[in-house]
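Q: Structure in structure tokens, see below.
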Amino acid sequence: MDVRAAVAFEAGKPLSIETVQLEGPREGEVLIEVKATGICHTDAFTLSGDDPEGQFPAILGHEGAGVVAEVGPGVKSLKPGDHVIPLYTPECRECEYCLNPKTNLCQAIRTTQGQGVMPDGSSRFSLNGKPILHYMGCSTFSNYTVLPEIALAKIREDAPFDKVCYIGCGVTTGVGAVVNTAKVEPGSNVVVFGLGGIGLNVIQAARMVGADMIVGVDINPAREALGRKFGMTHFVNPKEVAGDLVPHLVELTKGGADYSFECIGNTQTMRQALECCHKGWGESIIIGVAGAGQEISTRPFQLVTGRSWRGTAFGGARGRTDVPKIVDWYMEGKLNIDDMITHTMPLDRINEAFDLMHAGKSIRSVVVY
Ligand code: NAD
Ligand code: AHE
Ligand code: ZN
């Protein structure tokens, strides 16, 4: 079938709106009509050329919501008409990783997903007979896409697509980092680096679980009001701190953070996030994604003296199990998504979403098909 998609032909170039061909679902696969997709910083990261796994031409996008249009042979858990959220971290419930309660990183299809193809090694997208690659197993910058059954979370039908698409990455990543990965306790002091689409969700989850002090760190002063709306109690703009940032944060938190979260993707702020943690027990969680070749460093003494450095993907969530619950939290008013979606636009204006992100003017832009 012909579908409308924003194609990334090469790194560093704007997306191009094209009519591309999409093959129907094969064994174990599902065809989805995508109703809405958010634009995450990771899409911009891959488009920039910094992603070691980035390959072109590809159809980016991994934060979508839609409706099942057709199921391939052998699909049991989904039927046409079901409402779904695509999962870049699938949940097969059978692999060594799914069977280990310590991780959410299902590896059933990770290799082919990273290569931009379906589990059988081929792409369903093509243009003029030449394959176009999938991205993070999702490719939600297309009004139709194909995913494996294990990479779809079935959600309730009264949830609005243009809001819950954000649960496909940003909301679940930020909320899950607090609830699943760090397991922040009531009364904790939390420091959040980067108050964008991920960091604000860390903040609202920290408030939800009863954190005491919630410090937001961002170089964009416009983020202060937004952070406070979602539960931030203190704002620090590193550009306005006279001396070094780390001692300033340690003093502010009276000894250091119980938990810090890096939601930027900058290896310098990753180090600061670790080093502002409390001696003896502070844990720093890396969420931000750093470019090819970049490395983190600190004095090992920071770890010897009881700080821990950890990381999280998709907020430690097992998508088919946890995503429907997060949709419920939103529908019950426990999570505020609406105020983070600052812009909506049709697909043919998707490049504006990247411009807004780079200019620091949006939290989340959503394309509605
Ligand atoms: P975003 O662009 O919406 O937000 C980034 C924020 O960081 C902005 O507010 C910006 O002003 C701030 N910032 C930039 N440089 C800074 C600095 N030096 N000091 C302080 N603040 C600074 O991005 P996002 O969508 O929230 O994504 C954040 C990061 O998380 C990205 O690296 C993205 O790739 C990554 N991410 C990871 C996962 C995961 O599963 N681990 C999931 C989603 C996104
Ligand atoms: N491809 C990159 C890494 C990108 C990355 O870390 N992706 C996160 C999700 S970001 C969502 O916005 C993730 O899920 N990582 C775990 C995984 O298996 O990819 C690289 O450096 O190669
Ligand atoms: Zn993302």
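All of the numbers you see were taken from the coordinates with simple rules; none came from a lab. Keep in mind the model is a prediction, meaning the values are calculated, not measured. FYI the Cβ positions are ideal-geometry reconstructions off the backbone, even for glycines, and counts take in every protein chain you see.
Q: Between ARG156 and GLN115, 0.36 nm times their residue separation minus their Cα-Cα distance comes to what?
A: So the chain would gain 11.6 nm between ARG156 and GLN115.
Q: How much of the DSSP beta bridge set in the chain is antiparallel, as a percent to the nearest 5?
A: 60 percent
Q: Further question on the same structure: Do the alpha carbons of any pairs in LYS229/LYS334; LYS183/LYS254; LYS102/LYS254; LYS254/LYS325 sit beyond 26 Å of each other, and which pairs?
A: As for pairs spanning more than 26 Å Cα to Cα, those are LYS102/LYS254; LYS254/LYS325.
Q: Assuming 0.36 nm per residue, please report the length gained on full extension of the stretch ASP328 to HIS248 beyond their Cα-Cα distance.
A: 24.9 nm is the gain from fully extending ASP328 to HIS248.
Q: So, one more: At a 10 angstrom cut-off on C-beta neighbours, averaged per residue, how do the peptides 104-116, 169-181, 144-156, 192-204 rank from highest to lowest?
A: 192-204, 169-181, 144-156, 104-116
Q: Shifting gears a bit: Grab the beta carbon distance between ARG299 and ILE219, set R0 = 22 Å, and tell me the FRET efficiency rounded to 0.05.
A: 0.30
Q: With a point put 7 Å past each Cα toward its Cβ, work out how far ARG349 is from SER48 in nm, to one decimal.
A: My value for the distance between the label points is 2.5 nm.
Q: Measuring from centroid to centroid over Cα atoms, what is the spacing of the stretch 302-336 and the stretch 57-102 in Å?
A: Cα centroid of the stretch 302-336 versus Cα centroid of the stretch 57-102: 19 Å apart.
Q: Follow-up question, since we're still on this one. Counting pairs of alpha carbon atoms under 8 Å apart in space and at least six apart in sequence, what relative contact order in percent does the stretch 280-341 give? Before the final figure, lay out the partial values.
A: On the way: 34 pairs, mean separation 22.5, N = 62.
The value is 36 percent.
Q: May I ask you to derive the FRET efficiency for SER77 and LYS239 from their Cβ-Cβ distance with R0 = 35 Å, giving the value to the nearest 0.05?
A: Once rounded, the FRET efficiency stands at 0.10.
Q: Would you please give the FRET efficiency between GLU33 and LYS279, computed as 1/(1 + (r/R0)^6) with r the Cβ-Cβ distance and R0 = 56 Å, to the nearest 0.05?
A: On the way: r = 53 Å, r/R0 = 0.94.
Efficiency, from the Cβ-Cβ distance: 0.60.
Q: Additional query: Under the rule of at least 5 residues apart or a separate chain, name every residue whose amide H is placed under 5 Å from the amide H of VAL7.
A: SER16, ILE17, GLU18
Q: Under a crude label model (7 Å from the Cα following the beta-carbon direction), how far is ASP339 from ILE17 in nanometres?
A: 3.2 nm
Q: Between GLU185 and LYS229, what length in nm is gained on full extension when 0.36 nm per residue of separation is reduced by their alpha carbon distance? All intermediate terms of the calculation are to be shown ahead of the outcome.
A: On the way: separation 44, 0.36 × 44 = 15.84 nm, distance 2.11 nm.
That works out to 13.7 nm of additional length.
Q: Given the Cα atoms of the stretch 174-313, and with Rh set as the inverse mean 1/r over their pairs in the Kirkwood sense, what is Rg to Rh to two decimals?
A: Rounded to two decimals, Rg over Rh is 0.93.
Q: Distance in nm between label sites at ALA359 and THR321, each 7 Å beyond Cα in the beta-carbon direction?
A: The answer from the label model is 4.4 nm.
Q: Spelling out what I want: for every residue of the stretch 201-212, take phi, set θ = phi - 60°, compute 6.51 cos²θ - 1.76 cosθ + 1.60 (Karplus), and round to whole Hz; glycine and proline get x.
A: Here the 3J(HN,Hα) series is 6, 4, 4, 5, 6, 4, 5, 4, 8, x, 4, 8 Hz.
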